């Protein structure tokens, strides 16, 4: 029960890298300096004016110092996004009497215009609301609110973010492309994934991705380099096998087995004992045959996997060449073959694994 709850909670978490303690502290110190210095300068510049600083800058600081590589944190987004939101917010405050309608319309229009001008900046939504709900001090400013505190705060925080990130060795603002010498792809990109390939894929996306094209290029190049370094001249079963194997246990009951087959949408699974030693396989066909043989349905449900499994299993070793597997997949229509070492199940090779690696070899031979 607790395991199921933990798994459910994990589905709510983002697939986000947790930085080291040092990097987290650097981000926090950056936000501290950025907000403190920009607030102090604004206060001095505006002679202690009550609304010298606005809360949305805290949200901007999160982006500028914690995720400076995000497309939403680039200078254009900070300045243009906040400016658009300030103008729309003030306009709605002046022309729409109902506050709820005013700030709702302000945020909606700001989102539309920011996306239209490629200046989406999440904290700008709060800027629009501040313009509507900021009270008398803000309303008395009128459109001057856009210049100060919005634009003043944004520019000061941005300048400090540029200086701080550069001082810490981080590239900010982000570069436009990987190859700084030429507009052409890099040498590695020319023989793998090129920028135009990424652009074509991104053009088909219907959702806004919070990652820049530059970062995608960099990640793909690094991954390609690691993949090439790992690539052997002749693939073995250990090179392509899936190590995280979904399997059944000999004491599992038939009713539980059916639930697992339904959950993972597979027709056959390996069976192991408590020592992870492979002792058989069980196909959905075997379960159906069990029900056909047993006239008493209750007795059939009480069967365990070890009672109906197939104990004759074809296995391979991790150092075995994958070429030896082709007859099993082609002539005998195997869906997968277990990989064992010292009788223990350490992985499986599926038909999809074979197709993928053979396709890669065909591509390489055709170059």
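PRE reach from residue 23 (point 7 Å along Cα→Cβ): which of the stretch 60-79 fall under 18 Å by backbone N? Backbone N within reach: 62-73.
In the chain, the longest principal axis of the Cα atoms and the axis of helix 123-133 are about 50 degrees apart. Put a dot 7 Å past the Cα of residue 224, heading toward its Cβ, do the same for residue 351, and the two dots end up 3.2 nm apart.
Applying 1/(1 + (r/R0)^6) with R0 = 56 Å to the Cβ-Cβ distance of residue 292 and residue 167 gives a FRET efficiency near 0.15. Given their separation in residues at 0.36 nm each and the Cα-Cα distance between them, residue 115 and residue 360 gain 84.3 nm when the chain is fully extended. For the chain, the longest principal axis of the Cα atoms and the long axis of helix 56-66 meet at an angle of about 50 degrees. Quarter the surface of the alpha carbon convex hull of the chain and you get the mean projected area, 27.9 square nanometres.
Going 7 Å from the Cα of residue 144 toward and past its Cβ, which residues in the stretch 18-54 have a backbone nitrogen under 11 Å from where you end up? Those under the cut-off are none; the list is empty. If R₀ is 30 angstrom, what is the calculated FRET efficiency for the pair residue 137 and residue 210, using the beta carbon separation as r and rounding to 0.05? Rounded to the nearest 0.05, the efficiency is 0.35.
Stokes-Einstein at 25 °C, 0.890 mPa s, Kirkwood radius from Cα pairs: D for the stretch 239-365 in µm² s⁻¹? Intermediate values should be presented prior to the final figure.
Working: Rh = 15.6 Å.
The Stokes-Einstein estimate is 157 µm²/s.
Using Cα atoms only, what is the angle between the long axis of helix 2-12 and the major principal axis of the chain, expressed in degrees (0 to 90) to the nearest 10? It is inclined by approximately 50 degrees.
Where a number appears in this text, it was derived from the coordinates with a stated rule and is not lab data. Because the structure is a prediction, the values reported are computed rather than measured. Quick reminder, even Gly has a Cβ in these numbers, built from the backbone with ideal geometry, and neighbours come from all protein chains shown.
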